[in-house]
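Quick notes on the structure that follows.
The values are calculated or read from the model by the stated rules, or taken from the named source; none is laboratory data. Being a predicted model, the structure only gives us computed values, none of them experimental. Here the Cβ positions follow ideal geometry from the backbone for every residue, glycine too, while neighbour counts run over all protein chains shown. These area figures cover heavy atoms from the full protein model, side chains too; ligands, DNA and RNA do not enter into them. Shrake-Rupley method; radii C 1.70, N 1.55, O 1.52, S 1.80 Å.
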Amino acid sequence: MSKLPTKLISASCVALAAMSSSNLMADAIADAITGGKAYGDLRLRYETVDQDTDAVDEAEALTLRTMIGYTTGSVEGFSATIEVEDSRIVAGGDAYSVPPTGFNTGEYSVIADPETTELDQGFIQYKNGIVTAKFGRQVLTYDGHRFVGHVGWRQDRQTFDGLTLAVTPTKELAINYAYITQRNRIFAEAADQDSKDHFINVAYTTPVGTLVGYSYMLENDFTGNDATLDTYGASFTGSAGGDVKFLYAAEFATQTFESGSTEYDADYMMLEGGVAVSGITVKLGYEVLGSDDGMYGFGTPLATLHKFNGWADMFIVPTEPSNSPDGGLVDTYLSIGGSLAGGSWAVVYHDFSADDDSTGPDAYGDEIDLVYSKKFGIYNAGIKYSAYSADEYAVDTDKLWLWVGLSF
C-alpha cells in the first residue's frame with residue numbers, strides 16, 4: 001500500500017478532529033452567550049437638602065437610576081459581563097446643584113446625582129479553583145469601603161478600569177491585587193480621572209477575627225504635577241460570644257502625599273467596640289483622620305464616603321489630593337440598630353472635632369442620623385434623615401431621602 005493514502009488519511013483525521021473541536025468550542029461559546037443571566041436594579045429617589053445659609057437655595061431632587069446588565073455563562077473558566085447605568089431627572093425634580101458638571105452651580109445646595117447614561121461595567125473574567133481575574137471596567141471594594149468603594153448610595157456609582165486579581169490559596173487566606181488606569185467617579189464623565197494606581201490587600205481569617213494588611217498606592221495628576229498618595233495600614237475585626245455577641249475592630253494607617261516639592265504626612269486610627277443581643281446591635285467608635293499641622297487632612301478619595309462620618313456628608317471636601325478638612329477629623333460615634341416590622345432601622349450620633357495637630361477650628365459640631373428600610377420580595381423602600389448641627393465648621397444642614405426600588 002502506498003504511503004501517500006496513509007498520510008492523506010492521517011491528515012484528514014487530524015483535520016476532522018480539529019474541525020470537531022472547533023465546532024464544539026463554537027457551540028460552547030454560543031451556549032455561554034445565550035445561556036447567561038440578565039439582571040437589573042431600579043431606584044427612584046427623592047432627596048432634599050436644607051442648609052442654614054443665604055448663599056444657596058434649598059435643594060430638591062427626584063431622580064431615577066436604572067441599571068441593566070448581562071453576564072454570560074462560562075467557557076473554560078472565561079465569562080463576560082456588560083452593564084449599563086442611566087440616571088434621569090423625573091417630573092421636573094431638578095432644583096439642585098452638581099458643580100463638577102456645571103449643573104445649576106451656585107444656585108442650590110449640592111445633590112451629587114447628575115443625569116448620565118454610561119457603561120457602568122464591562123469586563124472579561126477568568127475563574128478557576130483559587131484564582132479570579134477581571135479585565136475591564138468593574139466594581140471594586142475592599143474592607144467595608146473605607147479606602148476603596150463603589151459609592152453605591154449615589155445614583156451614578158463609582159467603578160474602575162483595570163486588571164484585578166483575587167487569589168484564595170486556602171479558605172483562611174485571601175490575596176487581592178489591582179492595577180487601575182481610570183477612576184470613573186460619581187459625576188458622570190466630568191470628574192473621571194486617569195490614573196496608575198496599585199492596590200494590594202491581604203486578609204487572613206483566624207478563629208477570633210480577620211487580620212488585613214493593605215497598601216493603596218495612588219498616582220494621578222491632582223494638581224497639574226504627577227502626584228502620589230500612598231497609604232499603608234492594617235486592621236483587625238472580629239466578634240466573640242453566643243447569644244450575647246461582642247464586636248471589636250481596630251485599624252491604623254499612615255499616608256504620604258507628594259507633588260513636586262510638596263509633601264504631607266498624616267495618620268489614621270479607628271477603634272470600635274459593640275454588643276449584639278436579642279436582635280439589637282450597639283456600637284461605640286472613635287475614628288481619627290489625622291492632620292499635618294493644619295495643612296493637610298488624611299484622605300480616602302476612593303472610599304464610599306457617605307458610609308462614614310455622618311450621612312450629611314459635611315466632611316467631604318471636593319478637592320484632591322485629600323478629601324477631608326485640612327485640620328483632620330475626629331469622629332466619636334454611637335450607633336444602635338435592629339429589626340422592626342420586617343425591616344431594619346438604625347440611629348447614629350456623631351460628635352466631630354479637629355485633629356490635635358490642627359491649628360484651625362477645633363469644634364466641628366455634631367450630627368444625628370436615622371434610617372428605616374424594608375424589602376418586599378424584589379421591591380425595596382426606605383426613609384433616611386440626617387441633621388448636622390454646626391459649631392466652628394460649615395453650617396447647620398438637614399437632609400431627607402425617600403426611595404423605592406426593585407432588583408431582579
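In this structure the amide hydrogen of Asp113, modeled in the peptide plane, comes within under 5 Å of no amide hydrogen from residues 5 or more places off or on another chain.
Volume per residue for the stretch 196-303 equals 104 cubic angstrom (convex hull of Cα atoms).
Taking the chain as the region of interest, the number of lysine pairs whose Cα atoms are within less than 25 Å, with members eight or more places apart or on different chains, is 25. Overall, the chain carries a charge dipole of about 3260 debye about its Cα centre when +1 sits on the Cβ of Lys and Arg and -1 on the Cβ of Asp and Glu, all other atoms neutral. Between helix 3-34 and the chain there is an angle of about 30 degrees, using the helix long axis and the longest principal axis of the Cα atoms. Within the accessible area of the chain, the carbon and sulfur atoms contribute 60%, probe 1.4 Å, all protein chains present. Annotation: amide H-H contacts under 5 Å for Val317 (H modelled 1.01 Å from N, sequence separation of 5 or more, or interchain): Ser324. Put simply, when 25-37, 198-210, 86-98 are sorted by average Cβ atoms within 10 angstrom per residue, most first, you get 86-98, 198-210, 25-37. Under a 5 Å amide H cut-off, with hydrogens placed 1.01 Å from N, Thr105 pairs with Val98 among residues at least 5 apart or on other chains. A Cα-only calculation for the stretch 130-179 places Rg and Dmax at 12.1, 37 Å. Taking θ as phi - 60° and the Karplus parameters 6.51, -1.76 and 1.60, the scalar couplings of the stretch 303-312 work out to 7, 7, 5, 4, 6, 10, 6, x, 6, 6 Hz in sequence order, x denoting glycine and proline.
Evaluating 6.51 cos²θ - 1.76 cosθ + 1.60 at θ = phi - 60° for every residue in the stretch 126-132, the Karplus couplings come out as 10, 9, 10, x, 10, 10, 10 Hz, glycine and proline recorded as x. Using Stokes-Einstein with the Kirkwood hydrodynamic radius over Cα pairs, what translational diffusion coefficient do you get for the chain at 25 °C and a viscosity of 0.890 mPa s, in µm²/s rounded to a whole number? Taking Rh from Cα pairs, D becomes 103 µm²/s. Please report the spacing between the Cα centers of the stretch 237-265 and the stretch 45-123 in Å, no decimals. What the calculation gives is 30 Å, centre to centre. Here the alpha carbons of the stretch 73-188 define both size measures, Rg and Dmax, at 17.5, 55 Å.
Starting from the eigenvalues of the Cα gyration tensor, five times each then square-rooted, give me the equivalent ellipsoid semi-axes of the stretch 260-352, largest first, whole Å. Could you put the intermediate results ahead of the total?
Numbers: eigenvalues 198, 37, 18 Å².
The three semi-axes for the stretch 260-352 are 31, 14, 9 Å.
Find the accessible area per residue for the chain; the probe is 1.4 Å, ligands and nucleic acids are left out, and the unit is Å². Don't jump to the answer; show the numbers that get you there.
Numbers: 19780 Å² over 408 residues.
Each residue of the chain exposes 48 Å² on average to a 1.4 Å probe.
Semi-axes of the equivalent ellipsoid for the stretch 281-408, computed as √(5λ) from the eigenvalues of its C-alpha gyration tensor and ordered from largest down, come to 31, 15, 13 Å.
One compactness figure for the stretch 46-92 is 2.05, namely its Cα radius of gyration divided by 2.2 N^0.38 Å. Placing +1 on each Lys and Arg Cβ and -1 on each Asp and Glu Cβ, with no other charges, gives the stretch 217-282 a dipole about its Cα centre of roughly 560 debye. Sequence-ordered 3J(HN,Hα) estimates for the stretch 149-166 from the Karplus curve with 6.51, -1.76 and 1.60 and θ = phi - 60° stand at x, 9, 6, x, 5, 6, 6, 10, 6, 8, 10, 9, 9, x, 10, 10, 10, 10 Hz, glycine and proline given as x. With one equal scatterer per alpha carbon and no solvent term, the Debye-computed log10 I(q)/I(0) for the stretch 136-211 at 0.16, 0.20, 0.21 1/Å reads -0.64, -0.88, -0.94.
Would you tally the net charge around Asp396, using a Cβ to Cβ cut-off of less than 9 Å, leaving Asp396 out, and scoring K and R as +1, D and E as -1? Summing Lys/Arg as +1 and Asp/Glu as -1 gives -3.
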